[in-house]
Amino acid sequence: MYSLRFTAESSSNGLLERDFTVGGIPGVLWSPAANAADRAPLILMAHGGGNHKKHPAMSGRARLLVTGCGFHVAVIDAPGHGDRPRTAHDEAEIAELFRARAAGEPEGPIVVRYNDHLANLAVPEYQATLDALQGLPEIGTGGPVGFWGINMGTAIGVPFVAIEPRITAAVFGQHWPDVLAEKAKQITIPIEFDLQWDDEHISREEGLALFDAFASKEKSLHVNSGKHKELPR
């Protein structure tokens with residue numbers, strides 16, 4: 001059981017931002033500034049590949065969830081991302097991805113392999129973070145917990161949610177089914193799945209195969225026109 005330690009705090013436009021560490025893992029917790037001590041649901045988010053916990057896709061969505069819904073929102077840096085150092089394995093996989101991209105080769109096999117490696121490290125880190133955050137009186141252990149993660153966030157989120165009974169609803173999307181489909185079959189909570197119809201990396205068939213694998217009785221597919229990085233905010 002790791003303890004949570006706050007390392008910085010700031011507030012602006014109704015949003016309280018608190019940096020923290022859990023067992024050396026850096027993260028950020030956003031809360032309503034006016035009533036940060038009030039009990040409210042927690043949303044855990046996971047960022048995309050090559051990004052970090054405060055990337056605009058994270059901070060912008062957190063602002064909507066906090067100011068619009070009154071939730072608490074937390075993100076941690078994935079292994080080898082943000083404020084965490086890269087290993088030799090990270091560097092080798094990133095170099096291989098750039099090589100394939102320059103050569104016009106499919107990126108999927110490399111991304112799937114690397115993301116699976118990162119997920120194996122990140123899942124227990126998310127469990128430890130959830131343990132620590134639920135120790136805060138404003139979150140506690142009795143309330144619902146949601147998860148949001150697209151791209152690499154899905155690669156981390158699917159195996160995490162599959163084994164974590166405290167998650168009560170989730171948003172996934174934009175990933176290949178290769179290593180995730182079997183884990184998705186273990187998930188029965190309500191989910192939303194986001195898909196780019198013109199994704200140049202993930203085919204429609206691959207995206208739909210992963211959506212279909214979830215055992216949830218309540219699941220919705222959100223399809224948008226546009227390429228991989230054109231997912232509407």
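The values are calculated or read from the model by the stated rules, or taken from the named source; none is laboratory data. Source: prediction; values computed, not measured. Note that each Cβ is placed from the backbone with ideal geometry, even for glycine, and that neighbours are counted across all protein chains shown. Keep in mind that these areas ignore ligands, DNA and RNA; they rest on the heavy atoms of the full protein, side chains included. Shrake-Rupley method; radii C 1.70, N 1.55, O 1.52, S 1.80 Å.
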Look through the stretch 173-215, keep the residues that are in a helix (DSSP H, G or I) and within 30 Å of Gly140 (Cα to Cα), and return whichever of them is most open to solvent (accessible area, probe 1.4 Å).
Lys183
Residue list for the stretch 76-124, filter: over 19 Å from Val179 (Cα atoms), open to solvent by less than 80 Å² (accessible area, probe 1.4 Å) and touching an Asp or Glu at 6+ places or on another chain (Cβ under 6 Å)
Asp77, Gly80, Arg84, Ala100
Under 6 Å by Cβ, and 6 or more places apart or on different chains, what pairs join a residue from the stretch 56-75 that is more than 9 Å from Trp30 (Cα to Cα) and in contact (Cβ under 8 Å) with a residue 60 or more places away in the chain with one that is open to solvent by 40 Å² or more (accessible area, probe 1.4 Å) and aliphatic (A, V, I, L, M)?
none
Just to check your reading of the model, which residue among Ala122, Ala170, Ala162 is free of Cβ contacts under 8 Å to residues at least 60 places away in the same chain, touching a strand residue (DSSP E or B) at 6+ places or on another chain (Cβ under 9 Å) and not in a loop (DSSP other than H, G, I, E, B)?
Ala170
Kindly indicate whether Gln127 is surrounded by fewer than 16 Cβ atoms within 10 Å (Cβ to Cβ) and under 21 Å from Leu42 (Cβ atoms).
yes
Examine the stretch 151-168 for a residue that is open to solvent by 20 Å² or more (accessible area, probe 1.4 Å) and among the β-branched types (Val, Ile, Thr), and state whether such a residue exists.
yes
Considering only the stretch 3-26, state which residues are hydroxyl-bearing (Ser, Thr, Tyr) and closer than 16 Å to His81 by Cα.
Thr21
